[in-house]
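Below: the structure, in structure tokens.
A short reminder: the numbers here are calculations on the coordinates, not readings from a lab. This is a predicted model, so every value here is computed, not measured. Counting neighbours? That spans all protein chains shown, and the Cβs are built from the backbone with ideal geometry, glycine included.
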Amino acid sequence: MADELIDIFDENMNLLGTALKSQAHREGLWHKTFHCWLARKNDEGRVMVWLQLRNKDKSIYPDMLDVSAAGHVKSGEEVKDGYREVTEELGLSLQKDDLVKMFTTREVYQEGEVYNREFEVLYMAVVDNLLAKVRLQPEEVAGLYEVELNDFVRLINGDCKSIGAYGVHRNNDNTYTWEVITVTPGKVAGHSKEYYLKSMEMLARYMEKV
């Protein structure tokens with residue numbers, strides 16, 4: 001992916017200026033990212049949450065299951081403008097007004113030459129049963145799977161060793177394979193436990209109203 005100019009901040013989220021994304025990841029410059037959880041209710045009324053399988057070539061959390069869609073906020077953008085990531089990564093049409101703000105958290109990731117410090121701004125949105133319509137961005141996404149929200153909470157809490165997920169995997173020739181996979185804690189991106197549990201709690205409450 002092409003490098004992007006992004007806004008950088010101090011640890012109190014005061015704007016300092018701009019830098020290239022590659023520089024921010026190299027020098028640990030604080031910046032903002034957009035995270036979006038997508039969910040739906042199945043025919044039994046259970047809340048199903050979408051997990052993105054990150055491309056194995058990603059510098060951060062490669063080949064791991066993560067939030068449904070995420071991306072960097074370009075310089076001068078509002079964080080909510082990140083809704084475009086849902087279209088770019090998953091090929092689904094989503095409007096800014098579809099997003100519901102959740103919360104903002106901090107994360108620091110350091111491995112090898114990557115030193116990433118970011119303010120993650122989380123949103124959620126409701127989707128229909130659209131897995132069959134996704135078109136995954138090859139450079140970013142290797143698959144998209146859904147899990148039952150309550151099962152995912154049990155996994156994060158350590159109440160079970162694995163759960164099942166159903167979804168689509170993108171092959172090297174950009175065809176798609178439908179499959180059932182086993183999700184273990186080691187396969188889930190290393191955000192904090194609080195990140196996941198707070199997200200699922202807020203998502204569950206919101207989906208009760210849908």
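Using a Förster distance of 35 angstrom, determine the FRET efficiency expected from the C-beta separation of residue 132 and residue 23, and round it to 0.05. Computed FRET efficiency for residue 132 and residue 23: 0.30.
As a ratio to 2.2 N^0.38 Å, the alpha-carbon radius of gyration for the stretch 74-129 is 1.34.
Relative to the longest principal Cα axis of the chain, at what angle does helix 193-207 sit, 0 to 90 degrees, rounded to 10? Between helix and principal axis, roughly 60 degrees. Applying the Karplus relation 6.51 cos²θ - 1.76 cosθ + 1.60 with θ = phi - 60° to the stretch 49-58 yields 3J(HN,Hα) values of 10, 8, 10, 8, 8, 6, 4, 5, 8, 5 Hz, where x marks Gly and Pro. The largest-to-smallest principal axis extents of the Cα set in the chain are 49, 40, 34 Å. Normalised size of the stretch 36-83, defined as Cα radius of gyration per 2.2 N^0.38 Å with N residues, equals 1.45.
Fully extending the segment from residue 78 to residue 169 would add 29.6 nm, taking 0.36 nm per residue of separation and subtracting the current Cα-Cα distance. Taking 0.36 nm per residue of sequence separation and removing the Cα-Cα distance, the residue 104/residue 2 pair yields an extension gain of 34.1 nm. Model label sites at residue 10 and residue 179, defined 7 Å from Cα along the beta-carbon direction, differ in position by 4.9 nm.
Taking the number of Cβ atoms within 10 Å of each Cβ as an exposure proxy, the fewest-first ranking of 191, 35 is 191, 35.
Please give me the summed charge of the neighbours of residue 176: other residues whose Cβ is under 12 Å from its Cβ, Lys and Arg +1, Asp and Glu -1.
+1
When N counts the residues of the stretch 115-210, how does its alpha-carbon radius of gyration compare numerically with 2.2 N^0.38 Å, as a ratio? Compared with the compact-globule rule of thumb, the stretch 115-210 sits at 1.19.
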